[in-house]
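Colleague: Next up is a structure, given as structure tokens.
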Amino acid sequence: MDGLSHCGTKAISVIAFIGSVFSPWYAWTGRKDPANHCCINVGTYGKGGRFTMTDRGRSALRTSADTFEVGPSKLHWDGEKLIIDIDEISSPPIISRVRGRITITPKALTEVELPLANDGTHVWRPFAPLSDIQVDLEADGWQWDGHGYFDANFGTRALEQDFNYWTWGCFPHSAGATAFYDVTRRDGSTFETAIQFNPDGAAEHVDAPPLTRFKNSLWQVRRETRADKGAMPHQHLNMLDAPFYSRSAVNTQLNGEEVTGIHEALDLRRFASPFLKPMLAVRVPRRSGWRFPT
């Protein structure tokens with residue numbers, strides 16, 4: 001789930017994991033017990049932004065048909081909207097509480113489900129690319145509305161086993177929203193898709209404009225997205241910047257319209273490096289003993 005404020009100065013992302021794919025603790029165990037490495041990762045971006053990603057044990061995981069809980073935070077689907085209650089502690093260098101509620105209200109739900117690997121080991125499911133978001137956190141300036149997005153990825157193998165690199169982006173525009181996925185697999189094959197989502201939930205594959213490089217991230221992760229011929233994408237708001245990953249709000253041009261959406265670039269060759277894992281452990285603490293109150 002992510003969202004960008006109407007004013008364009010603040011953004012938020014929440015990722016709920018069973019099997020926290022970017023956790024070094026999960027990688028060091030050989031990824032044999034996903035439920036014992038669960039997490040609700042929260043990033044707030046803009047003035048006063050914080051980052052939280054606590055790897056928790058199976059005692060902190062509780063699920064039902066409409067609720068997903070990890071430790072003190074939870075996601076709940078009430079039939080019309082996704083309500084996310086957050087109570088987390090941010091990672092160094094700024095350690096503070098991140099607490100409040102985020103509400104995602106889809107304009108419609110889609111039926112799209114797309115395999116990213118030929119054997120179906122990784123699947124992308126964009127539930128609600130067109131949504132409204134309300135953010136109400138216990139921090140000055142962190143009460144805002146904007147455009148929201150809600151999807152899921154499912155996998156049965158580690159990302160770095162199957163992929164070298166990918167970029168993804170979803171860009172709302174006057175006719176709905178368009179999402180792009182461009183993937184380079186480990187075997188050298190590629191996968192690309194462009195899907196137009198309409199406000200009523202209908203979706204169709206469309207011809208993608210050219211894949212266009214733009215400025216690398218601060219950690220020099222290569223970045224590219226789709227743009228009309230001759231147009232140059234550029235970063236609007238920096239979000240998450242890591243040695244192997246970049247998330248940002250990006251401006252581009254589609255069918256002659258200037259649009260802004262959330263974009264990510266992921267370099268799995270860098271992520272696979274064993275030297276990276278100790279660095280990640282500083283930002284991703286392990287709290288295996290958390291339990292629900294009786």
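The values are calculated or read from the model by the stated rules, or taken from the named source; none is laboratory data. Predicted model only: the values in this text are computed from it and were never measured. Heads up, the Cβs are rebuilt from the backbone with ideal geometry, glycines too, and the neighbour counts pull from every protein chain shown. The accessibility values were calculated without ligands, DNA or RNA, using every heavy atom of the protein model including side chains. Shrake-Rupley method; radii C 1.70, N 1.55, O 1.52, S 1.80 Å.
Colleague: Can you name the condition, by its number, that A203 falls short on among (1) over 23 Å from A272 (Cβ atoms); (2) open to solvent by 40 Å² or more (accessible area, probe 1.4 Å); (3) under 17 Å from the mean Cα position of the chain (by Cα)?
Modeller: (3)
Colleague: Looking only at region 131-163, count how many residues are within 18 Å of the chain's Cα centre (by Cα) and part of a strand (DSSP E or B).
Modeller: Summing the residues that are within 18 Å of the chain's Cα centre (by Cα) and part of a strand (DSSP E or B) in region 131-163 gives 16.
Colleague: Which is buried (at least 18 other Cβ atoms within 10 Å of the Cβ) and closer than 25 Å to R269 by Cβ, of R222, R186, R213, R226?
Modeller: R226
Colleague: How many residues does region 79-92 hold that are in a strand (DSSP E or B) and either buried (at least 20 other Cβ atoms within 10 Å of the Cβ) or among the acidic types (D, E) (or both)?
Modeller: Within region 79-92, residues that are in a strand (DSSP E or B) and either buried (at least 20 other Cβ atoms within 10 Å of the Cβ) or among the acidic types (D, E) (or both) number 6.
Colleague: How many residues does region 31-78 contain that are assigned to a loop (DSSP other than H, G, I, E, B) and either within 30 Å of G8 (Cβ to Cβ) or open to solvent by 30 Å² or more (accessible area, probe 1.4 Å) (or both)?
Modeller: So the count comes out to 15.
Results for (1) under 26 Å from S5 (Cα atoms); (2) touching a residue at least 40 places away in the same chain (Cβ under 8 Å), shown as yes or no for each residue.
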| position | (1), (2) |
| --- | --- |
| R125 | yes, no |
| T156 | no, no |
| E160 | no, yes |
| F171 | yes, yes |
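Colleague: Does region 146-174 hold any residues that are small (G, A, S), open to solvent by 20 Å² or more (accessible area, probe 1.4 Å) and under 17 Å from N251 (Cα atoms), and which are they?
Modeller: Correct list: S174 only.
Colleague: Considering only region 181-243, give the strands (runs of 3 or more DSSP E) lying wholly within it that have at least 1 residues that are charged (D, E, K, R) and in contact (Cβ under 8 Å) with a residue 12 or more places away in the chain.
Modeller: 190-197, 223-226, 234-242
Colleague: Something else now. Being of a type outside the set (D, E) and touching a strand residue (DSSP E or B) at 6+ places or on another chain (Cβ under 7 Å) narrows it down to one residue among R157, R99; which is it? Full working, then the answer.
Modeller: Numbers: R157 fails: touching a strand residue (DSSP E or B) at 6+ places or on another chain (Cβ under 7 Å).
Of R157, R99, the one residue that is of a type outside the set (D, E) and touching a strand residue (DSSP E or B) at 6+ places or on another chain (Cβ under 7 Å) is R99.
Colleague: How many of the residues in region 93-121 are assigned to a loop (DSSP other than H, G, I, E, B), open to solvent by less than 50 Å² (accessible area, probe 1.4 Å) and either aliphatic (A, V, I, L, M) or touching a residue at least 40 places away in the same chain (Cβ under 8 Å) (or both)?
Modeller: Step one: list which residues in region 93-121 are assigned to a loop (DSSP other than H, G, I, E, B), which gives 93-96, 107-113, 116-121.
Still in the list and also open to solvent by less than 50 Å² (accessible area, probe 1.4 Å): 96, 108, 110, 112, 116-117, 120-121.
Okay, now just the ones that are also either aliphatic (A, V, I, L, M) or touching a residue at least 40 places away in the same chain (Cβ under 8 Å) (or both), so 96, 108, 110, 112, 116-117, 121.
So the answer is 7.
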